[in-house]
1. Mind telling me which of the residues 160, 156 ends up being surrounded by fewer than 17 Cβ atoms within 10 Å (Cβ to Cβ), more than 16 Å from the ligand (Cβ to nearest atom), modelled with pLDDT of 95 or more and within 17 Å of residue 367 (Cβ to Cβ)?
2. Show me the strands (runs of 3 or more DSSP E) entirely contained within the stretch 267-360 in which 3 or more residues are surrounded by fewer than 19 Cβ atoms within 10 Å (Cβ to Cβ).
3. Considering 231, 198, which residue is loosely packed, with under 13 Cβ neighbours inside 10 Å, closer than 30 Å to residue 375 by Cα and within 21 Å of the chain's Cα centre (by Cα)?
4. Condition first: part of a strand (DSSP E or B), within 26 Å of residue 355 (Cα to Cα) and in contact with a helix residue (DSSP H, G or I) (Cβ under 6 Å, 6 or more places away or on another chain). Can you find one or more residues in the stretch 55-73 that meet it?
5. Tally the residues that are touching a strand residue (DSSP E or B) at 6+ places or on another chain (Cβ under 8 Å) and closer than 19 Å to residue 105 by Cβ, restricting the search to the stretch 332-377.
6. Mind telling me which of the residues 248, 252 ends up being more than 16 Å from the ligand (Cβ to nearest atom) and surrounded by fewer than 19 Cβ atoms within 10 Å (Cβ to Cβ)?
7. Can you tell me which residue is nearest to residue 309 (Cα to Cα) among those in the stretch 361-386 that are at pLDDT 95 or above and surrounded by fewer than 15 Cβ atoms within 10 Å (Cβ to Cβ)?
8. Consider residue 225 carefully, then state whether it is assigned to a loop (DSSP other than H, G, I, E, B), surrounded by fewer than 20 Cβ atoms within 10 Å (Cβ to Cβ) and at pLDDT 95 or above.
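The values are calculated or read from the model by the stated rules, or taken from the named source; none is laboratory data. Note that the structure is predicted; figures quoted are calculated from it, not measured. Methodologically, a virtual Cβ is constructed for each residue, glycine included, from the backbone with ideal geometry; neighbour enumeration extends over all protein chains shown.
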Ligand SMILES: Cc1cc2nc3c(=O)[nH]c(=O)nc-3n(C[C@H](O)[C@H](O)[C@H](O)COP(=O)(O)O)c2cc1C
């Protein structure tokens, strides 16, 4: 089974990650990870920081001659701002000594982990919470998960995503989204993200894209921020990944956990999701059809895919369609009220350069974190220590 851990602070020297349990013989080069890291860095509504920090990974173990070896894969990502001549970060993040010029941060920012984190770990300086809870960590998550994604690609499973709402602008409902996305999904989920990337806000509908972009512009002027809703799609999953027999083996539950583990994600739905609470049964369930395949066996495709490709905690063989909602960025140019940890004095939060809307970037994180979940469900079913062995075990 594939596991991964990330380590590192937002303004430390580097982020590190270890991916364990990857089968041997999977083609893997740094650019397979760098591709998704650069996708995570691009998108309308971004703040300034990423402009001078291009994320490029280095492998330190587990990969040889462009293939995984089956052992732990160690990955690092340098924080280039840390090394700059005038950088304060080596002092601020010094592992051993506190420089007297480094001030404690005592004003927690609402909407971040600041206050609860400081209370939990009994810090009188919020800095350690800011450093580890920051979404900078998602860069290493994208790197680690892209390794699993690379394995999935070898067995014909693709992942893609697109944005369906930013603030007040979005599609009217399920049918309108299907009309825009399904012709692309039928060509494989990667086609979906390629098409979405033609839009600055990663939305397939050009009129909506423009409205979303203008909305971000207008909200930036107001000194506020925006969240949104996105759809992640997985194509190529055979029926029967996950299981109904035990609560923790249900694939939808595992996928939802991975999405909600991303900073600022507040909800997940599958297929029609919350819309299924509004419709009657006949407009929700996916009727079963049958056709004879080449070897004489029956296949059972569905007339529709409103379940989002999962029934009873298992893949149906139709594309997995899940949606996530991201709350608006909590760092706001027009400040929010907070209270000082030491004095209790009420004051306004300090603004640091920040995104206005991070949904176009966050969807890459969402695509990524589900990859190890799907890969593990796949490995549980088909097993194997090497890609060659796994491919031999797949039904022809
Ligand atoms: C890709 C991505 C980028 C983000 N960028 C910012 C940012 O620039 N400024 C900010 O204040 N929050 C940003 N966030 C959101 C915070 O990390 C998040 O609001 C915070 O961790 C608390 O959310 P939680 O309570 O859901 O964990 C970003 C989140 C993601 C996923």
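1. Working: 160 fails: surrounded by fewer than 17 Cβ atoms within 10 Å (Cβ to Cβ).
Matching residue, one of 160, 156: 156.
2. On the way: elements: 320-326, 337-339, 346-348.
Result: 346-348.
3. Values: 231 fails: loosely packed, with under 13 Cβ neighbours inside 10 Å.
It is 198.
4. Of the stretch 55-73, the ones part of a strand (DSSP E or B) are 57-61, 63-64, 67-68, 73.
With the extra rule that they be within 26 Å of residue 355 (Cα to Cα), the set shrinks to 57.
With in contact with a helix residue (DSSP H, G or I) (Cβ under 6 Å, 6 or more places away or on another chain) added as a condition, the list becomes 57.
Yes; the residues of the stretch 55-73 include at least one that is part of a strand (DSSP E or B), within 26 Å of residue 355 (Cα to Cα) and in contact with a helix residue (DSSP H, G or I) (Cβ under 6 Å, 6 or more places away or on another chain).
5. Number satisfying all stated conditions: 11.
6. Values: 252 fails: surrounded by fewer than 19 Cβ atoms within 10 Å (Cβ to Cβ).
Just a single option satisfies the conditions, and that option is 248.
7. The selected residue is 380.
8. Numbers: assigned to a loop (DSSP other than H, G, I, E, B): yes; surrounded by fewer than 20 Cβ atoms within 10 Å (Cβ to Cβ): no; at pLDDT 95 or above: yes.
Considered against the rule, which asks whether it is assigned to a loop (DSSP other than H, G, I, E, B), surrounded by fewer than 20 Cβ atoms within 10 Å (Cβ to Cβ) and at pLDDT 95 or above, residue 225 comes out as no.
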